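Below: one structure, written as C-alpha cells.
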Amino acid sequence: MPSDLNLRILPRTVQQETVDKLRLAIFSGVFEPGTRLVESQLCVQLGISRPSLREALRSLAAERLIDIVPNRGPSIPALTWEEVTSIYEARELLEVEAVGRCSQRISAEQLQALEKALSAFEAAASSNDSLARITTAADFYSIILANCGNPILEEIHRGLVARISLFRSRSMSLEGRAQSSLAEMKEIYEAIAASDEKAARKAARKHVLKAMAAAKKSMDSGN
C-alpha cells in the first residue's frame, strides 16, 4: 500500500480535487474492499470541510466506486466474483463493438493519436507507476470509443470507466500483466491501423478475456 500518497489539496479546486484524490487512493489500494470510510478522518487527511467531502463522496458513489448506506456511511464495496464477471461481460460487449467500428471509421490524424496513446502506455508498462498504467490505458480506449461512430456506446462505456480502471489497477499489479496487456493492445492497434474489422474484434475480445482472467487471479490471491 503506498504510504507517501499526498491527499492534501488546494482550496480553489476543492470539489474536483477531492474526487480525483479519493479516486486515485481507491485505485492505488489505499482503501481495501469492504473498508468503511470515516468522514472525520478523511476531512483531516484532505484538509477539507465535511460538506465538501460529502459532495465528493456522492460523485464517487455515482461512479460505483463507493457505497453509501443510510445510517452506516460510506464504504468501499467488496464485490463478488459474479458482480465482477457482469462488469467484464459488459466491457467485452462494448469494447469489441467499439474497436470493430473504430477500425472502419478512424481518421489518419486520430490513428496517430491512438499510436501516441499506445506509446504512453508502453512507457508506463515499463515503469513502476501503477497510476500511469491506468490513466494511459484509459486514454487509449477513450480514443477508440470517441471514433466508434456511436456516441451512446461511448457514453455507456464512460459510465463503466471508473470500475474498469479499478480492476485494471488490481490486475496490473500481477507480475508480467502490464507487458502482456501491452502486447494485446498492440494487436488491437495494428488491426485498427490495417482497417481489419474481424482482427480488431478478435484482438479486443482476447484482451478483455485476458484482463478478466488476471482480475480473477488477483482476487483469488487477495490483491
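Brief remarks follow.
- When region 172-221 is limited to residues that are outside any helix (DSSP H, G or I) and under 19 Å from the mean Cα position of the chain (by Cα), the one that is surrounded by the fewest Cβ atoms within 10 Å (Cβ to Cβ) turns out to be Glu175.
- Residues that are buried (at least 17 other Cβ atoms within 10 Å of the Cβ) and not aliphatic (A, V, I, L, M) within region 84-96 comprise Tyr88, Arg91, Glu92, Glu95, listed in sequence order.
- Within region 76-105, the residues that satisfy the criterion of being closer than 19 Å to Leu160 by Cα and hydroxyl-bearing (Ser, Thr, Tyr) are Thr80, Thr85, Ser86, Tyr88.
Residue-wise test of (1) in contact with a strand residue (DSSP E or B) (Cβ under 6 Å, 6 or more places away or on another chain); (2) surrounded by fewer than 16 Cβ atoms within 10 Å (Cβ to Cβ); (3) hydroxyl-bearing (Ser, Thr, Tyr); (4) closer than 21 Å to Ile156 by Cα.
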{"residue": "Gln16", "(1), (2), (3), (4)": "no, yes, no, no"}
{"residue": "Ala25", "(1), (2), (3), (4)": "no, no, no, no"}
{"residue": "Glu32", "(1), (2), (3), (4)": "no, yes, no, no"}
{"residue": "Val38", "(1), (2), (3), (4)": "no, yes, no, no"}
{"residue": "Pro51", "(1), (2), (3), (4)": "no, yes, no, no"}
{"residue": "Ala61", "(1), (2), (3), (4)": "yes, yes, no, yes"}
{"residue": "Ile66", "(1), (2), (3), (4)": "yes, no, no, yes"}
{"residue": "Glu82", "(1), (2), (3), (4)": "no, yes, no, yes"}
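- Hey, Arg101 in a helix (DSSP H, G or I), touching a Gly at 6+ places or on another chain (Cβ under 7 Å) and at pLDDT 90 or above or not: yes
- Boolean, Ser165 is not charged (D, E, K, R) and not in a helix (DSSP H, G or I): no
The values are calculated or read from the model by the stated rules, or taken from the named source; none is laboratory data. None of the values given here were measured: they were computed from a predicted structure. Methodologically, a virtual Cβ is constructed for each residue, glycine included, from the backbone with ideal geometry; neighbour enumeration extends over all protein chains shown.
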